[in-house]
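Asker: My questions will all concern the structure given below.
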There are 2 protein chains.
Amino acid sequence: MELSRMTLKEFAKELASDSPAPGGGSVAALCGALGAALSVMVTNLTIGKEKYRDVWDEMGKVQREAKELQTRFLSLMEQDSEAFNTFFAAMKMPKETEEEKTLRTAKMQEGLKEAALVPLETLTACQLLAELAEKTARRGNGNAVTDAGTAALLARAAAMAAAYNVRINLGGIKDEAFVTTTRGEIEGALSRIEKTVSDVERHIESLL
Amino acid sequence: MELSRMTLKEFAKELASDSPAPGGGSVAALCGALGAALSVMVTNLTIGKEKYRDVWDEMGKVQREAKELQTRFLSLMEQDSEAFNTFFAAMKMPKETEEEKTLRTAKMQEGLKEAALVPLETLTACQLLAELAEKTARRGNGNAVTDAGTAALLARAAAMAAAYNVRINLGGIKDEAFVTTTRGEIEGALSRIEKTVSDVERHIESLL
């Protein structure tokens, strides 16, 4: 069953179960989707309000991007669980003969790469989320500034959780070039997101 | 409709709509519920595994607490939106006569207090979540350490978002004693949560 068709209650129950998927990776993507949805909400509370006429156009653009991002995060939530299940299936392949061992190892390596690439995409998407949250926090409806701030906080938490999921999978990957490149991408994205989210935090602190 | 009976997709859509509730406060509580569910999952992946026999009892206790916490957070998610709607209804009360004005102001003050107290309870619950996440991160199944870490990150994000929601409502409350006490509670809870979550982060960094 698609995760996004579960009710919140069902999803929490499925998450809590003794199956490792869905786990932290899917939750990270879901938090991204919630942050994107909050960003859309702030634009909805801004566009059409006379006081904010100057930013209607900008907020319209933010809204379109945030809507796309919401869809992308919900899809990443599904993909994360699927990638885990694919890896898990590879792990259970027969390993009696040399041929079977080789095939199993190859499939497991493929599975691990996929299980690293999905949360890496979540992490990248969190960077866009943080940027959109900053725009809504600074120029969106002031009554909704804490909602914009919540979106920024979610971008940070989702990014860090996604990074955990990339890194734990990198631990098992033998392709050193892939590991090195990916580690660099993680650090770069995390530091950009942290900078943006800290700026948003300071801005909100100055208002509360 | 109860929020927890919505599918993830429906909830995201409802969140993104131009209605201010559900907003950041409900999302904070939902993130708490997701963190609690992840903590339950880690205990489920620990109890029964021979390697972790020494901590089965402790993880059993964590599991019971995390399950209760999950239910509490899901209920806080509903309460947060209800509190907002109650305040909003008070704001729309008639204000023609002096009597009406007095009644409206009183109801709005009541509504604001409730709208501050619900996220304050979410914030307090995040402290327990952070503590449970620390236990599962340190002594739960090592394969699920990033899930435990994700629960800790969610405790921090949910706590900070809840604090935003308390503080924005405090801004409109005239009862100074209430405001001062509550501000103190926020600071105390946030700093305890930050300490616990930073410890968990360092622990996980040392493993990845």
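Asker: Which Cβ of chain A lies nearest the axis of the rotation superposing A onto B, and at what whole-Å distance?
Answerer: Here the value is A:Ala157, 2.
Asker: For B:Thr71, go 7 angstrom from Cα along the Cα-to-Cβ vector, then report the distances to that same point in the other copies in nm, smallest first.
Answerer: Reported distances to equivalent positions: 4.0 nm.
Asker: Report relative contact order for region B:31-125 in percent, whole number only (criteria: Cα-Cα under 8 Å, sequence separation at least 6).
Answerer: 29
Asker: Around B:Ala151, under 13 Å between beta carbons, what's the net of Lys plus Arg minus Asp minus Glu among the other residues? Could you put the intermediate results ahead of the total?
Answerer: Working: positive: B:Lys135, B:Arg138, B:Arg156; negative: B:Glu65, B:Glu131, B:Glu134, B:Asp147, B:Glu201.
Residues close to B:Ala151 contribute a combined charge of -2.
Asker: Given a cut-off of under 8 Å on Cα pairs at least six residues apart, what relative contact order in percent is computed for chain A?
Answerer: This gives 27 percent for chain A.
Asker: Before I look further, what does region B:22-205 give for accessible area per residue, probe 1.4 Å, in whole square angstrom?
Answerer: Each residue of region B:22-205 exposes 42 Å² on average to a 1.4 Å probe.
Asker: Separate question: For the protein assembly as shown, which whole percent of the accessible surface, found with a 1.4 angstrom probe, sits on carbon and sulfur atoms?
Answerer: On the protein assembly as shown, the fraction of accessible area on carbon and sulfur atoms equals 52 percent.
Asker: Continuing with the same structure: At a 1.4 Å probe, which residues in region A:34-70 are at least 30 Å² less accessible with all protein chains present than in their chain isolated?
Answerer: A:Leu34, A:Ala37, A:Leu38, A:Met41, A:Asn44, A:Leu45, A:Gln70
Asker: If you put a point 7 Å past Cα along the Cβ direction, how far is that point for B:Asp18 from the same point in each other copy, in nm, smallest first?
Answerer: Spacings between copies for this position, smallest first, are 5.1 nm.
Asker: Placing the label point 7 Å from Cα along the Cα-to-Cβ direction, what are the distances from A:Thr181 to the equivalent spots in the other copies, shortest first, in nm to one decimal?
Answerer: Spacings between copies for this position, smallest first, are 5.9 nm.
Asker: Given the protein chains as shown and a 1.4 Å probe, how many square angstrom of B:Met108 are accessible, to the nearest 10?
Answerer: In the full protein context, B:Met108 sits at about 40 Å².
Asker: Once fully extended, how much extra length lies between A:Asp199 and A:Glu176, figured as 0.36 nm per residue of separation less the alpha-carbon to alpha-carbon distance?
Answerer: 4.8 nm
Asker: For A:Ile204, what charge total do you get from the other residues with a beta carbon under 11 Å from its beta carbon, if Lys and Arg give +1 and Asp and Glu give -1?
Answerer: After counting each charged neighbour, the total is -2.
Asker: What does the charge count around B:Leu117 come to, taking other residues whose C-beta lies under 11 Å from its C-beta (Lys +1, Arg +1, Asp -1, Glu -1)? Before the final figure, lay out the partial values.
Answerer: Values: positive: B:Lys113; negative: B:Asp80, B:Glu110, B:Glu114, B:Glu121, B:Glu185.
That sum, taken over residues with Cβ under 11 Å, equals -4.
Asker: Right, another one. Roughly how many Å² of A:Leu117 are accessible to a 1.4 Å probe, to the nearest 10?
Answerer: My reading of the accessible area for A:Leu117 is about 80 Å².
Asker: Could I ask something else about it? R0 = 45 Å: FRET efficiency of B:Thr105 with B:Trp56, Cβ-based, nearest 0.05? Can you show the working numbers first?
Answerer: Numbers: r = 56 Å, r/R0 = 1.25.
Working from the Cβ atoms, E equals 0.20.
Asker: Within chain A, how many lysine pairs that are 8 or more places apart, or on different chains, have C-alpha atoms less than 16 Å apart?
Answerer: The result is 9.
Asker: Compute, for B:Ile173, the solvent-accessible surface of its heavy atoms (probe 1.4 Å) with the complete set of protein chains present, and express it in square angstrom to the nearest 10.
Answerer: My reading of the accessible area for B:Ile173 is about 20 Å².
The values are calculated or read from the model by the stated rules, or taken from the named source; none is laboratory data. No experiment lies behind these values; they were computed from the predicted model shown. Every residue, glycine as well, gets a Cβ built from its backbone with ideal geometry; the counts of neighbours run over all protein chains shown. We work out accessible area using only protein heavy atoms, side chains counted, and drop any ligands, DNA or RNA first. Shrake-Rupley method; radii C 1.70, N 1.55, O 1.52, S 1.80 Å.
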